[in-house]
Amino acid sequence: MQRIRLRYTKRGRLRFTSHRDFQRAFERALRRSEVPMAYSAGFTPHPKVSYANAAPTGTGSEAEYLEIQLAEARDPARLRELLDASLPAGLDVVDAVEAHTSSFAERLEASVWEVRLDGVEPADAERAVAAFLAAGTVEVERRTKSGMRTFDARGAVCRLEVAAAPADRPGDGPCAILRLVVRHATPAVRPDDVLSGLRATADLAPPVPAAVTRLAQGPLDEETGTVTDPLAPDRDAATAASSTTAGAAMAPGRPS
Amino acid sequence: MSESVFPQLEALLPHVQKPIQYVGGELNSTVKPWESCDVRWALMYPDAYEVGLPNQGVMILYEVLNEREGVLAERTYSVWPDLEALMREHGVPQFTVDAHRPVRAFDVFGLSFSTELGYTNMLTALDLAGIPLEAKDRTLDDPIVLAGGHAAFNPEPIADFIDCAVIGDGEQAVLEITEIIRAWKAEGRPGGREELLLRLARTGGVYVPGFYDVEYLPDGRIARVVPNRSGVPWRVSKHTVMDLDEWPYPKQPLVPLAETVHERMSVEIFRGCTRGCRFCQAGMITRPVRERSITGIGEMVDKGLKATGFEEVGLLSLSSADHTEIGDIAKGLADRYEDDKIGLSLPSTRVDAFNVDLANELTRNGRRSGLTFAPEGGSERMRKVINKMVSEEDLIRTVATAYGNGWRQVKLYFMCGLPTETDEDVLQIGDMAVNVIAKGREVSGSNDIRCTVSIGGFVPKPHTPFQWAPQLSAEETDARLAKLRDKIRGDKKYGRSIGFRYHDGKPGIVEGLLSRGDRRVGAVIRAVYESGGRFDGWREHFSYDQWMKCAEETLVPQGVDVAWYTTRERTYEEVLPWDHLDSGLDKDWLWEDWQDALDEVEVEDCRWTPCFDCGVCPQMDTTIQIGPTGKKLLPLTVVK
Ligand code: B12
Ligand code: SF4
């Protein structure tokens, strides 16, 4: 049985897709592209798909991950193309690698987020960021299913900086862009919790809702605060596997 | 002229429920460049996205129009009150979900009314769009507001708000309208809106309410309806598509990201129905029967599944088991998709043993949970009145077969408030349910058998033999249903196995007012809208008291009231508000059928017996189109 890990996006207006909506759309895309899925046992069999750590509704993402199990092996690159063509534009399948390693979910240690704050002067954002980073802990509140919850939003933030706004940005007026690296912890700290933290420490109050995008997730290098490609180990294993076989075929007269 | 309003809308979306319903981008949706098209349609299903998106009528017209060179169509749906409030606050107009263009920028704003309960939502959309509510106040900057769908067969209650209406099938009609608009625009829009509407009206197939004057008698009845422009026909005809195989739409059904009420690949297997159930407006106005061929159906299902990835196929029509080749269709599809985990469903079926075979075929690989039948009338006498020719023995025999085949639950649909009905007729619904359970226990040898009785209030509809009938008042409906409930609950032996679901009589009265209303009812709709009325098809939004209060304020000064429109019986001579809209049915034939109903005389189906002169075929120049073709569905081989 083959397992394939995919990276997909939630871009533009389709960032309003909820995780449930995505699941339905993805299962339909599997049928449209006639992917030979493995099914769960039971009265209503389900195709075997596992989703990891989905970004909240309304948040864009360049780096969502899932894994599928196939009943028959397929070429990952071809599969990526087919699935991508079967999903609406914006839900794009951008990478596919055959799984050669275990515990993929644990490799998703941290996320890189970009937060666009329209109407906020970069200098104000800089000041707020400095105040936030200087604090040891920053208590924030969030409404959860079990009521209001208070927790620290500072501890999980490994990096937080103000980036330059792109020159081709639509519209005028001030705009600050934050880039942050947040460790996946329990309770999960989300970009809006960090924004609540900026409000709490430095009174930063963006006039319009922030546009949030997850740029990456994967293993975290604590030293540098960088996040690396979580599919790399699978890719390396795949290359290693194919170069050994290729090497074997090309070595004439190799004793067997 | 038609800049996307998405940037403004986007800022509001994080604050509303289920924002995904407003962003579009569905699989198989189309966005054409604005400037490349000279005729532009905004199509609306005036209900929430989750109900409107799966609507076949809108989906078909959207595709038919977008396939044409130089024509574009985009969709718009009703926004929920949370977004409506924000749009008003921030000045965001009613928008299309495809390219988020303001509805007012389009040439035509076409609304699909499968029920009258969408009228207040139309007013909300017009107002949000910045289009004047009344047709007389519109200018060249406003689109032509066009109504279609079943409710448009009596557009009089919304006559002031629409510019025109089309009755019947829309596929060809929208293309004809497009050509007229294109020519008029190319000529530089001579004569303004008036000229365009005149050109449309003169085709005989587009109703422009403003071109007709309604005169009333002192007692409130209509004296006559007269065209007030030359060249405008006395009566406007319905449209009928004659070869469904030539119109295999939707070819690329829309696949929503949001969850909707109906997520399956639907194929209309035929249009029309001549069973002649006297309460059924849909059956009367869609005559004659036109079947799609078995091979046409097979092809649509195949292409549609490939285009969507849906896992269920619905074979739609008014009475799907009546297709001349339904057995082969069901078997052919079940064989073809046996390994693909594709489910099949038939939404509308009649009661006979054959249907159990069919149901078995459809559930070959699945669970046999519930079967649904619609006897509609509780007593034999009632079923004669409504011309639903099913005997209790037929039903019991069918049910016995069903339970014998492993089905455990039967759902029975009935109506309450049918003409001449008494308490006794309705109480017999309880007896029928008891007999069904008793038979089920006997055949299955198990006590784990259920029968659910579901009852809707009858609303007399235009263009049916019951268009003259008095509607039962809400109080009487409720009282009758309470007696039935007590009878069922009081049954010691069987009562616990019978589920009882019913609607109270109040919404039916509002539906009745809107169904058989005339132009004076427009004032009620407007008053309800202005006092906040929205989403009347939704229990949690509908307010009977608000409707009655507004009706009192607006109708009484005009010398009529709600009872006058609903519980009053009409006479032969009365000019009905929709008489000038020609569904093809001969009014005298309808009247005779009404008299036959009162005499408990049934009529046959013209598919299997000689024509009974309902008038449609000669008047509309149509014929019955049915099989069998004798062809079979071939299994498809999957190319890997
Ligand atoms: C599938 C279905 C549903 C589905 C999906 C509804 C949806 N969103 O589309 C569900 C289960 C949700 C549903 C619910 C209801 N339904 Co229903 N439904 C049907 C069914 C089986 C098929 C509808 C269909 O797709 N028809 C095929 C399409 C192509 O036809 P069409 O929409 O009429 O469109 C054509 C023309 O009317 C025209 N046209 C349509 N719009 C426009 C617009 C313009 C501008 C123009 C020019 C032309 C035009 O062109 C189209 C192509 O020719 C019909 C029975 C039937 N076979 O028609 C009943 C039917 C429409 N439903 C009916 C009813 C009563 C209801 C409910 C009110 C039931 C209830 N009590 O809750 C609700 C109302 C929900 C709502 N708010 O709309 C009745 C309508 C009664 C009537 N007019 O006499 C019908 C006819 C069944 C019946 N025999 O009683 N329904
Ligand atoms: S005119 Fe005759 S054949 Fe045509 S639908 Fe009416 S009864 Fe049937």
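The values are calculated or read from the model by the stated rules, or taken from the named source; none is laboratory data. The model shown is predicted, which means the values in this text are computed figures rather than measured ones. Positions of Cβ are backbone-derived with ideal geometry, glycine not excepted, and every protein chain shown enters the neighbour counts. Note: accessible area is taken over every heavy atom of the protein model, side chains too, but ligands, DNA and RNA are not part of it. Shrake-Rupley method; radii C 1.70, N 1.55, O 1.52, S 1.80 Å.
Just a few scattered comments:
- Heavy-atom accessible area for B:TYR413, with the other protein chains in place and a 1.4 Å probe, reaches approximately 90 Å².
- Principal-axis tilt of helix A:19-32 within chain A, Cα atoms, nearest 10 degrees: 30
- Equivalent ellipsoid, the protein assembly as shown (semi-axes from 5 times Cα gyration tensor eigenvalues, Å): 52, 36, 28
- Per residue convex hull volume, Cα atoms of the range B:364-484, in Å³: 119
- Beta-bridge orientation, the protein assembly as shown: approximately 55 percent antiparallel, per DSSP, counting only bridges with both partners inside.
- The Cα center of the range B:538-570 and the Cα center of the range A:42-92 differ in position by 53 Å.
- Isolated Cys residues of the protein assembly as shown, judged by Cβ distance under 4.7 Å to other cysteines: A:CYS158, A:CYS175, B:CYS37, B:CYS164, B:CYS273, B:CYS416, B:CYS451, B:CYS550, B:CYS606, B:CYS611, B:CYS614, B:CYS617
- For the range B:516-640: rounded, prolate or oblate by the Cα gyration tensor [a/c cutoff 1.5]: oblate
- Computed about its Cα centre, the charge dipole of the protein assembly as shown is approximately 2160 debye, with only Lys, Arg, Asp and Glu carrying charge at their Cβ.
- In nm, spacing of pseudo-spin labels at B:ASP431 and A:HIS100 (7 Å Cα→C-beta vector): 7.8
- Of A:SER103, A:SER111, A:SER61, the one that fluctuates the most in a GNM where chain A has Cα springs shorter than 10 Å: A:SER103
- In the range B:145-234, Rg over Rh equals 1.00, where Rg is the alpha-carbon radius of gyration and Rh the Kirkwood radius from pairwise Cα distances.
- DSSP H segments from chain B that extend 30 Å or more along their own axis, Cα-based, with Kyte-Doolittle mean of -0.5 or above: B:423-444
- Using a probe of 1.4 Å on the protein chains alone, the accessible area found for B:TRP184 is around 20 Å².
- Taken per residue, the accessible surface of the range B:129-264 reaches 38 Å², heavy atoms only and a 1.4 Å probe.
- Residues listed by number, the range B:392-406, amide nitrogen under 17 Å from B:ASP448 label point at 7 Å toward C-beta: B:403-406
- Additional length obtainable on full extension of the chain from B:ASP243 to B:LYS483, 0.36 nm per residue less Cα span: 81.5 nm
- Bridge type composition, chain B - antiparallel percent by DSSP, nearest 5: 20
- Here the range B:216-270 and the range B:377-436 have alpha carbon centers that stand 32 Å from each other.
- Whole-percent pair-distance distribution, where bins are 10 Å wide, for the alpha carbons of the range B:420-501: 16, 41, 26, 14, 3
- Label-point separation, A:ARG11 to A:ARG127 (7 Å along Cα→Cβ), nm: 3.7
- Hull volume per residue, based on the alpha-carbon atoms of chain B and their convex hull, is 161 Å³.
- Using the alpha carbons alone, the radius of gyration of the range B:70-226 stands to its Kirkwood radius in an Rg to Rh ratio of 0.97.
- Here, P(r) means the percent of Cα pairs in each 5 Å bin from 0 to the largest distance; for chain A it is 1, 6, 11, 14, 15, 14, 12, 9, 7, 5, 3, 1, 1, 1, 0.
- Magnitude of the charge dipole for the range A:109-221, about its Cα centre and with charges confined to Cβ atoms of Lys, Arg (+1) and Asp, Glu (-1), is about 460 debye.
- Sorting B:CYS611, A:CYS175 by accessible area puts them as B:CYS611, A:CYS175; the probe is 1.4 Å, largest comes first, and only protein heavy atoms count.
- Helix axis angle, A:122-134 relative to chain A longest principal axis, alpha carbon, degrees: 80
- Amide H within-cut-off set for A:GLN217, under 5 Å, with H built and near neighbours excluded: A:VAL112
- From the alpha carbon centroid of the range A:179-207 to that of the range B:115-188 is 49 Å.
- For B:LYS461, the lysines whose Cα falls under 16 Å of its own Cα, not counting residues fewer than eight places away in the same chain, are B:LYS587.
- Taken about its Cα centre, chain B carries a charge dipole of roughly 1340 debye when the Cβ of each Lys and Arg holds +1 and the Cβ of each Asp and Glu holds -1.
- Cα gyration tensor shape of the range A:2-106, rounded if a/c is under 1.5, else prolate or oblate by comparing a/b with b/c: rounded
- Modelled label positions at A:GLU223 and B:LEU175, each set 7 Å beyond Cα in the direction of Cβ, lie 7.0 nm from each other.
- Max mean-square fluctuation residue, GNM over chain A, Cα-Cα springs under 10 Å, options A:PRO122, A:PRO233, A:PRO209: A:PRO209
- Prolate/oblate/rounded call for the range A:73-125, Cα gyration tensor, a/c under 1.5 rounded: oblate
- For the protein assembly as shown, carbon and sulfur atoms together expose 50% of the accessible surface, with a 1.4 angstrom probe and every protein chain in place.
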